[in-house]
1. For a quick check: sort 73, 104, 212 by the number of other beta carbons within 10 angstrom, fewest at the front.
2. Run through the DSSP bridge list for region 119-269 and note the antiparallel percent, rounded to the nearest 5.
3. Enter the angle in degrees (range 0 to 90, nearest 10) between the Cα long axis of helix 89-101 and the first principal axis of the Cα atoms of the chain, meaning the one along which they spread out most.
4. Please give the helix 245-257 orientation as an angle from the longest Cα principal axis of the chain, in degrees from 0 to 90, rounded to the nearest 10.
5. Need the full-extension length gain, residue 194 to residue 50, defined as separation in residues times 0.36 nm minus the C-alpha distance. One decimal, nm.
6. I need the P(r) histogram for region 180-247: all alpha carbon pairs, bin width 5 Å from 0 out to the longest distance, whole percents.
7. Does region 31-224 come out rounded, prolate or oblate by the C-alpha gyration tensor, with a ≥ b ≥ c the root eigenvalues, rounded set by a/c under 1.5 and, if not, prolate when a/b is larger than b/c and oblate if not?
8. With r defined as the distance between the Cβ atoms of residue 76 and residue 31 and R0 fixed at 22 Å, what FRET efficiency is calculated, to the nearest 0.05?
């Protein structure tokens, strides 16, 4: 087992597991898409599908987003649907919540989820509690999204993971995707959902490519929110994770397989 301990200490990245899609239930791949482009495609298709959908946040329009997730959307849909905001998370999150109350379907981007602390009253008390306390009578179809967790050179203030924070708040659905398939299918599902959704992306995964099938690339492909997905079959032990850590679990499973231990790896969606 010493080899396993050495592997875990090495901090090996998730990239090495990207092509091991034979363990997924996804059909044979047709095209390779990275997570950034999968998110971009999902928003583009939902903006085209439903005129009530719009995106707002800091630098999402003319600059194409701080991480280029909204690349090209402003040129295609214009100022009324791709909206640059001032640097005031409380303000534009409140605008998004009000728009959702009025029947629109906003996508509210936080440049980083660490900045959502400035808007947590809007996320929790305005969005989540309204839908929850009304027992669904007042839909709040809003997606709060952006990069979550640690990254390179951004200091502790920009490195927090908010999965547990928001996961403990009644009225919110919390999503933390791993692959391009997850990002694409779950973001589309989140935009179509009447529940406020917290969508936790990972900056270090944006550029990682995954093979996507024709089925996944279909405009109406969605993944059910709240269902686990098996990324690797195994019979001895189950590793359960989310976001970038799924890659570490897959790498660990590959090491264990060499020692005769077959791990199932499940993704919490």
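1. 104, 73, 212
2. Numbers: 4 of 17 bridges.
Restricted to region 119-269, the bridges split so that about 25 percent are antiparallel.
3. 80 degrees
4. 10 degrees
5. On the way: separation 144, 0.36 × 144 = 51.84 nm, distance 1.37 nm.
That works out to 50.5 nm of additional length.
6. Histogramming region 180-247 at 5 Å steps yields 3, 13, 23, 24, 21, 11, 4, 1 percent.
7. Working: a/c = 1.31, a/b = 1.17, b/c = 1.12.
Since a/c stays below 1.5, the shape of region 31-224 is classed as rounded.
8. Details: r = 21 Å, r/R0 = 0.94.
Once rounded, the FRET efficiency stands at 0.60.
None of the figures in this text is laboratory data; all of them are computed from the coordinates on show. Please read all numbers here as calculations on a predicted model, not as lab measurements. Glycine also receives a Cβ, built like all others from the backbone with ideal geometry; neighbour counts cover every protein chain displayed.
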